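Take a look at the structure set out below.
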Amino acid sequence: MIYVNKLDGDRIFLSLSQKEDLSLYNDWLNDSEINLTFGRSHIVFNEEKQAKYIEDYNNSDDKFFFVIVKKRKHF
């Protein structure tokens with residue numbers, strides 16, 4: 001998967017989410033224990049709703065849906 005570096009750090013960078021991430025996000029967002037920390041345990045997401053949510057964010061002028069990407073070590 002190719003991520004676009006939008007904000008760079010020493011060991012990580014931020015990138016806009018990719019479609020390939022949707023399955024993992026969907027699993028997390030539908031996990032009741034994880035959702036309790038967000039205060040949203042009653043909301044169920046499917047991949048279509050999640051894709052629309054991320055797309056709306058990334059097409060906005062003032063909000064974005066970023067992922068944290070760990071940089072690989074170069075030897």
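The values are calculated or read from the model by the stated rules, or taken from the named source; none is laboratory data. Small disclaimer: the values here were computed from a predicted structure and weren't measured. Don't worry about glycine lacking a Cβ; one is built from the backbone with ideal geometry, like all the others, and counts go over all protein chains shown. These area figures cover heavy atoms from the full protein model, side chains too; ligands, DNA and RNA do not enter into them. Shrake-Rupley method; radii C 1.70, N 1.55, O 1.52, S 1.80 Å.
Applying the Karplus relation 6.51 cos²θ - 1.76 cosθ + 1.60 with θ = phi - 60° to region 48-60 yields 3J(HN,Hα) values of 5, 5, 5, 4, 5, 4, 5, 4, 4, 4, 6, 8, 7 Hz, where x marks Gly and Pro. Candidates Ser17, Phe45, Ile2 compared by Cα position along the dipole of the chain: farthest toward the positive end lies Ile2, with charges placed on Cβ.
In a shell of Cβ-Cβ distance under 13 Å around Lys63, excluding Lys63 itself, what net charge do Lys and Arg (+1) and Asp and Glu (-1) give?
Details: positive: none; negative: Glu55, Asp56, Asp61, Asp62.
Computed value for this residue: -4.
On the accessible surface of the chain, probed at 1.4 Å, how many percent belong to carbon and sulfur atoms? Don't jump to the answer; show the numbers that get you there.
Values: 3390 of 6330 Å².
Within the chain, the accessible surface is 54 percent carbon and sulfur.
Note on Asn46 and Ile2: their simple-model spin labels are 3.2 nm apart, each label 7 Å out from Cα toward Cβ.
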